[in-house]
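Report on the structure given below.
The values are calculated or read from the model by the stated rules, or taken from the named source; none is laboratory data. Remember, it's a predicted structure, so these values are computed and weren't measured experimentally. Cβ coordinates were reconstructed from backbone atoms using ideal geometry, including for glycine residues, and neighbour counts include every protein chain displayed. Just the protein is used for accessible areas: all its heavy atoms, side chains included, with ligands, DNA and RNA removed. Shrake-Rupley method; radii C 1.70, N 1.55, O 1.52, S 1.80 Å.
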Amino acid sequence: MAIRVQAEDFDVGAELAALTAGNTAIGGVASFVGLVRDIAPGSQTGGDAVGAMTLEHYPGMTERQLAAIEAEARARWPLDAVLIIHRHGRLLPGDRIVLAACASAHRAAAFEACWFLMDWLKTKAPFWKQEETAEGSRWVAAKDEDDAAAARWSTRTP
Amino acid sequence: MRILYFAWLRAKIGMSEEEVALPAGVATTGDLITWLASRGPNYADALANRAVVKVAVNQDYVGLDHPLAAGDEVALFPPVTGG
């Protein structure tokens, strides 16, 4: 079980190296890194400039939900290692928000499981983003396409 | 019972958590939201659109027909936007 919810940044290379260290049965690692964008949909043509983003979360439930998502991924794919790191607090454009990584003997399981982790995380893990723009702070709205992306995997629920 | 609020629900209600004694007649999460919405304009505003209020009891997602017990930790929050 490798779930971390933290304010601090993380070193992607070091994390991926640690994930596979000592297990030579692993044939590949697929990973996703989410970053803070400097533009969000808004009133300006082409979008509103985002100066910063603050991530709020529900301590306790966040870890519980991420652990459930990891367990579901491990039940669906033959994974040797799984890592989810998600940051909270105030972040600036370009900052890393999240790292999801899956290690497996073969690439298909690693790619699919990593995609699954992110799709389920976006609709189940209790995080909320608040953007700072020239017009003030505003809460980011959930997107229908994120629900649709998560629903693709819903042959079973945890 | 401990009730937690997050994101814009927290901002609109004006607090992040509170302890409440479960009133008679409040048996489910749906009952609880209806009762909370009657407690003042800040609650009514925050809870006006039930479709965008998610509910967790003891840190698991539940529906509006979930039964409540005195020692539960209930959280109300908008649809999540992490990742």
- [ ] Among the residues of the range B:1-49, write down those that are surrounded by fewer than 17 Cβ atoms within 10 Å (Cβ to Cβ), touching a strand residue (DSSP E or B) at 6+ places or on another chain (Cβ under 7 Å) and without any contact (Cβ under 8 Å) to a residue 40 or more places away in the chain.
- [x] B:M15, B:S16, B:E17, B:E18, B:E19, B:V20
Open item on the list: Just to check your reading of the model, which residue among B:V52, B:V80, B:V74, B:V62 is surrounded by fewer than 16 Cβ atoms within 10 Å (Cβ to Cβ) and either among the β-branched types (V, I, T) or at pLDDT below 95 (or both)?
Closed with: B:V52
Task: Boolean, A:R138 is free of Cβ contacts under 8 Å to residues at least 60 places away in the same chain, within 11 Å of chain B (Cβ to nearest Cβ), open to solvent by 50 Å² or more (accessible area, probe 1.4 Å) and touching a strand residue (DSSP E or B) at 6+ places or on another chain (Cβ under 7 Å) - done: yes
- [ ] Determine which member of the set B:L47, B:L36, B:L32 is within 10 Å of the chain's Cα centre (by Cα), among the hydrophobic types (A, V, I, L, M, F, W, C) and within 23 Å of A:Q130 (Cα to Cα).
- [x] B:L47
Task: Residue that is nearest to the other protein chains (Cβ to nearest Cβ), among those in the range B:50-83 that are under 12 Å from the mean Cα position of the chain (by Cα) and acidic (D, E) - done: B:E73
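Find the residue count for the range A:122-138, including only residues that are touching a Gly at 6+ places or on another chain (Cβ under 6 Å) and among the charged types (D, E, K, R).
Total satisfying the criteria: 2.
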Task: Pairs with Cβ under 6 Å, 6+ apart, first in the range A:40-68 and facing chain B (nearest Cβ under 9 Å) and hydroxyl-bearing (S, T, Y), second assigned to a helix (DSSP H, G or I) and loosely packed, with under 15 Cβ neighbours inside 10 Å - done: none
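Yes/no matrix, rows are residues, columns are (1) part of a helix (DSSP H, G or I); (2) aromatic (F, W, Y); (3) open to solvent by 70 Å² or more (accessible area, probe 1.4 Å):
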{"position": "A:V5", "(1), (2), (3)": "no, no, no"}
{"position": "A:D9", "(1), (2), (3)": "no, no, yes"}
{"position": "A:A14", "(1), (2), (3)": "yes, no, no"}
{"position": "A:A17", "(1), (2), (3)": "yes, no, no"}
{"position": "A:N23", "(1), (2), (3)": "no, no, no"}
{"position": "A:I26", "(1), (2), (3)": "no, no, no"}
{"position": "A:V29", "(1), (2), (3)": "no, no, no"}
{"position": "A:V33", "(1), (2), (3)": "no, no, no"}
{"position": "A:R37", "(1), (2), (3)": "no, no, yes"}
Task: Some residue of the range A:6-28 being under 17 Å from A:A125 (Cα atoms) and within 15 Å of the chain's Cα centre (by Cα) - done: yes
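Taking A:A75 as the residue in question, decide whether it is farther than 16 Å from B:T81 by Cα, within 14 Å of chain B (Cβ to nearest Cβ), open to solvent by 30 Å² or more (accessible area, probe 1.4 Å) and not basic (K, R). It would help to see each step written out before you state the result.
Values: farther than 16 Å from B:T81 by Cα: yes; within 14 Å of chain B (Cβ to nearest Cβ): no; open to solvent by 30 Å² or more (accessible area, probe 1.4 Å): yes; not basic (K, R): yes.
It is false that A:A75 is farther than 16 Å from B:T81 by Cα, within 14 Å of chain B (Cβ to nearest Cβ), open to solvent by 30 Å² or more (accessible area, probe 1.4 Å) and not basic (K, R).
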Task: Residue pairs meeting the criteria (Cβ under 6 Å; at least 6 apart or on separate chains; first over 18 Å from A:W128 (Cα atoms) and open to solvent by 10 Å² or more (accessible area, probe 1.4 Å), in the range A:95-107; second in a strand (DSSP E or B) and not hydroxyl-bearing (S, T, Y)) - done: A:R107/A:G28
Task: From the options A:E112, A:E70, residue that is open to solvent by less than 20 Å² (accessible area, probe 1.4 Å) and charged (D, E, K, R) - done: A:E70
